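Take a look at the structure below.
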Amino acid sequence: MHYWNDLAEVPSGYGPSVVTLGNFDGVHRGHQRVLETLVETAARHDAKAVVISFDPHPAQ
């Protein structure tokens, strides 16, 4: 796992990625399913699975 705070921190040439965007503020069943689908899709396309979330939470 890598944790970046800014797109400029992502290494150049990171490669093909499948991306999901959301507020993953607790991994309940719905989040688990989204993440499972992300990983499965990335594997099918020989790509990296990437999650983009928010800190602080947008409601704050």
(message) Show the residue pairs meeting these rules: Cβ distance below 9 Å; 6+ apart or different chains; first residue within the range 1-20 and within 23 Å of Thr37 (Cα to Cα); second residue among the polar types (S, T, N, Q).
(response) Val18/Thr41; Thr20/Thr37
(request) Pick out the one residue from Val19, Val27 that is part of a loop (DSSP other than H, G, I, E, B) and touching a helix residue (DSSP H, G or I) at 6+ places or on another chain (Cβ under 9 Å). (result) Val27
(request) Test Ala59 against the criterion of being small (Gly, Ala, Ser) and either assigned to a helix (DSSP H, G or I) or modelled with pLDDT of 95 or more (or both), and give yes or no. (result) no
(request) Can you confirm whether the range 1-16 contains a residue that is modelled with pLDDT of 95 or more, of a type in the set (A, V, I, L, M), surrounded by 11 or more Cβ atoms within 10 Å (Cβ to Cβ) and part of a loop (DSSP other than H, G, I, E, B)? (result) no
(message) Can you tell me which condition Thr41 does not meet? The list is (1) modelled with pLDDT of 95 or more; (2) open to solvent by 50 Å² or more (accessible area, probe 1.4 Å); (3) not charged (D, E, K, R), and all the others hold.
(response) (2)
(message) Give me the residue from the range 44-55 that is part of a loop (DSSP other than H, G, I, E, B) and open to solvent by less than 80 Å² (accessible area, probe 1.4 Å) and, out of that set, nearest to Trp4 (Cα to Cα).
(response) Ser53
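The values are calculated or read from the model by the stated rules, or taken from the named source; none is laboratory data. Small disclaimer: the values here were computed from a predicted structure and weren't measured. In this analysis, Cβ positions are derived from the backbone assuming ideal geometry, glycine residues included, and neighbour counts consider all displayed protein chains. Keep in mind that these areas ignore ligands, DNA and RNA; they rest on the heavy atoms of the full protein, side chains included. Shrake-Rupley method; radii C 1.70, N 1.55, O 1.52, S 1.80 Å.
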